[in-house]
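Heads up, the thing below is written out as structure tokens.
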Amino acid sequence: MRDGGPLGLAGLGLLLMAARAGARPRPAAPGDQPPSNVVLVACDSLDGRLTFFPGNQTVDLPSINFMKRHGTVFLNAYTNSPICCPSRAAMWSGLFTHITESWNNFKGLDPDYVTWMDLMEKHGYHTQKFGKLDFTSGHHSVSNRVEAWTRDVNFLLRQEGRPMVKLTGHRKQFRVMETDWQNTDKTVNWIKEEAVNFTQPFVLYLGLNLPHPYPSPYAGENFGSSTFLTSPYWLEKVNYEAIKIPKWSSLSEMHPVDYYSSYTKNCTGEFTKEEVRNIRAFYYAMCAETDAMLGEIISALRDTGLLGKTIIIFTADHGELAMEHRQFYKMSMYEGSSHVPLLVMGPGLREQHQIPNVVSLVDIYPTMLDIARIPVPQNLSGYSLIPLLREKAESEASPRGPRPSWVLSEFHGCNVNSSVYMLRTGKWKYITYSDGSSVLPQLFDLTADPDELTNLAIKFPVTVHSLDKILRSIVNYPQVSSSVQEYNKQQFISWKQSLGHNYSSVIANLRWHQDWLKDQKKYENAIDKWL
């Protein structure tokens, strides 16, 4: 890797692309030229607001900036479920979470589900995947799934260690997340040794773990805080002066679901401003390392002459709160958690362009098929992004009619004691819970209140009613919430029965063991009452 990653791409890349495609690339017409190659780089936990102003002032992300100069950045792209597996299930299926029933990190797609990559392979594309996939069922820890199943139980237990930072290595060490770098190396080698020789187009996927916090080492799931880990090399890319210290409500004023999330994430204790600033700085440094891996892929495409023939898409499964709203991780509809990066560049697509329309990860599936000129199934939740990227009229591209003016996100997993639904449209973000009446909804005006500190739900009941009506036309969310509650109970009963006499010992020693062991009988009784 060159020092500083793909900083040299800007000038040379512009010359190469202009030479191949002309100053303003012409949209491809069927039969006009072969379909483009496609590269999708999907990272884990990158806050989409870092890809445009003012969030981009906090850290140097040269590869993302290169994609912005030569492509398009979406200003309002969202996850369809702010947690790893359900979000990725939406991206690979093109369907909302309540349709695939990807309720938590243990419950994703069936292994034989037909993805967009399967269809592209069937239509003649060479296909290759490297790195993190995480969209099928059966993965993640026992703790993770039991915490999700028992969220309706009347107890409150810390499920995480306190978030912490750790500096490693020296000022020249850029390979910190070695697994991601190895997968990046494999991807680069595949481009240079195999893709360069293809006569048919290819679709390539690279999944990165970064900038997801690192789990601390633990034995038997008995311990684990999440660690924001980086080296001085990446920390130097962060502008400390631009780091914003988020405002917090007092614990007594927090929304009840936020309080549950903050408590189970071990964030209700005291944090100094310096601690919060460091957590955010280390997180941004991890984003810089992620950006460098993206740069390696762009460089490999440039070096092989494939850059001008390839559409590159960069996104993430969800964001990272990094201590906003007194939380870290995701599992929240606040912007830090639900807003994802989405940048696209390639032949025939608009350059130096920002798109304000709300879009979401279910749009990846129809976009991939559109690029490959494969008919798009009518039952998908998502809509192709190509009309937005090429300034086409929507009706020209989609027999389904124009793209809706809203996006949907939903969450049914751990660290939140209710199913959550978010409708994002215009300046509004509407968040409702469970059956729509037992928990206070939230309404935020993101234009006036981008930090989401003032809940306007009581002040604007007509707006709430209107947005709730739209939401119910998309999904019968009280019914979905009820189905999830029943699923959680049945899964827990099956798991409990499978353990036999070991049940008490196993459940006591999951990630919540420090709280559980203080009053084991109390918590077992709470579960018995729930069942």
Next on the checklist: Please pick out the residue among Asp515, Asp445 that is touching a Leu at 6+ places or on another chain (Cβ under 7 Å) and without any contact (Cβ under 8 Å) to a residue 60 or more places away in the chain.
Outcome noted: Asp445
Checklist outcome for this item: The condition of being of a type in the set (D, E, K, R) and at positive phi holds, among Glu101, Glu121, Glu147, only for Glu101
Checklist entry - In the stretch 33-47, what residues are within 13 Å of the chain's Cα centre (by Cα) and under 26 Å from Ile191 (Cβ atoms)? => result Val41, Ala42, Cys43, Asp44, Ser45, Leu46
Next on the checklist: Here are the criteria: (1) assigned to a helix (DSSP H, G or I); (2) touching a Pro at 6+ places or on another chain (Cβ under 7 Å); (3) aliphatic (A, V, I, L, M). Tell me which single one Leu467 does not satisfy.
Outcome noted: (2)
Checklist entry - Counting just the residues of the stretch 269-287 that are open to solvent by 10 Å² or more (accessible area, probe 1.4 Å) and hydrophobic (A, V, I, L, M, F, W, C), which one comes out farthest from Arg49 (Cα to Cα)? => result Phe271
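Conditions (1) assigned to a helix (DSSP H, G or I); (2) modelled with pLDDT of 95 or more; (3) surrounded by fewer than 16 Cβ atoms within 10 Å (Cβ to Cβ), marked per residue:
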{"residue": "Pro347", "(1), (2), (3)": "no, yes, no"}
{"residue": "Ile355", "(1), (2), (3)": "no, yes, no"}
{"residue": "Pro366", "(1), (2), (3)": "yes, yes, no"}
{"residue": "Pro377", "(1), (2), (3)": "no, no, yes"}
{"residue": "Leu380", "(1), (2), (3)": "no, yes, no"}
{"residue": "Leu389", "(1), (2), (3)": "yes, yes, no"}
{"residue": "Leu408", "(1), (2), (3)": "no, yes, no"}
Item to check | Enumeration of residues in the stretch 185-201 that are in contact (Cβ under 8 Å) with a residue 12 or more places away in the chain, assigned to a helix (DSSP H, G or I) and open to solvent by 90 Å² or more (accessible area, probe 1.4 Å) | outcome: Lys186, Lys192
Next on the checklist: As an exercise: evaluate Glu351 against (1) crowded, with 24+ Cβ neighbours inside 10 Å; (2) in a loop (DSSP other than H, G, I, E, B) and give the number of the one condition it does not meet.
Outcome noted: (1)
Item to check | Enumeration of residues in the stretch 304-324 that are over 30 Å from Lys247 (Cα atoms) and touching a Ser or Thr at 6+ places or on another chain (Cβ under 7 Å) | outcome: Lys309, Thr310, Ile311
Next on the checklist: Suppose we keep only residues that are assigned to a loop (DSSP other than H, G, I, E, B) and under 27 Å from the mean Cα position of the chain (by Cα) within the stretch 478-529. Which one would you say is surrounded by the fewest Cβ atoms within 10 Å (Cβ to Cβ)?
Outcome noted: Leu510
Checklist entry - In this structure, is Met120 open to solvent by less than 10 Å² (accessible area, probe 1.4 Å), closer than 17 Å to Val340 by Cβ and among the hydrophobic types (A, V, I, L, M, F, W, C)? => result no
Item to check | Hits in the stretch 164-184 (condition: assigned to a helix (DSSP H, G or I) and in contact (Cβ under 8 Å) with a residue 12 or more places away in the chain) | outcome: Thr179, Asp180, Trp181, Asn183, Thr184
Checklist entry - In the set Ser473, Ser437, which member is modelled with pLDDT under 95, open to solvent by 70 Å² or more (accessible area, probe 1.4 Å), more than 22 Å from Asn144 (Cβ to Cβ) and within 31 Å of the chain's Cα centre (by Cα)? => result Ser437
Checklist entry - Can you name the residue in the stretch 140-179 that is among the polar types (S, T, N, Q) and open to solvent by 10 Å² or more (accessible area, probe 1.4 Å) and is also nearest to the chain's Cα centre (by Cα) among such residues? => result Asn144
Checklist outcome for this item: Among Ser384, Ser299, Ser337, the single one that is in a loop (DSSP other than H, G, I, E, B) and at pLDDT 95 or above is Ser384
Checklist outcome for this item: Residues in the stretch 288-332 that are among the hydrophobic types (A, V, I, L, M, F, W, C) and either open to solvent by 10 Å² or more (accessible area, probe 1.4 Å) or at positive phi (or both) total 4
Checklist entry - Leu321: hydrophobic (A, V, I, L, M, F, W, C), assigned to a loop (DSSP other than H, G, I, E, B) and free of Cβ contacts under 8 Å to residues at least 60 places away in the same chain, yes or no? => result yes
Next on the checklist: Step by step: first the residues of the stretch 202-237, then only those that are modelled with pLDDT of 95 or more, polar (S, T, N, Q) and assigned to a loop (DSSP other than H, G, I, E, B), then the one that is least open to solvent (accessible area, probe 1.4 Å). Which residue is that?
Outcome noted: Ser231
Checklist outcome for this item: The residue from Pro34, Pro27, Pro111 that alone is modelled with pLDDT under 95, part of a loop (DSSP other than H, G, I, E, B), more than 29 Å from Thr425 (Cα to Cα) and touching a helix residue (DSSP H, G or I) at 6+ places or on another chain (Cβ under 6 Å) is Pro27
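The values are calculated or read from the model by the stated rules, or taken from the named source; none is laboratory data. Worth saying up front: this structure is predicted, and the values here are computed from it rather than measured. Don't worry about glycine lacking a Cβ; one is built from the backbone with ideal geometry, like all the others, and counts go over all protein chains shown. Side chains included, ligands, DNA and RNA excluded: accessible areas come from the protein's heavy atoms. Shrake-Rupley method; radii C 1.70, N 1.55, O 1.52, S 1.80 Å.
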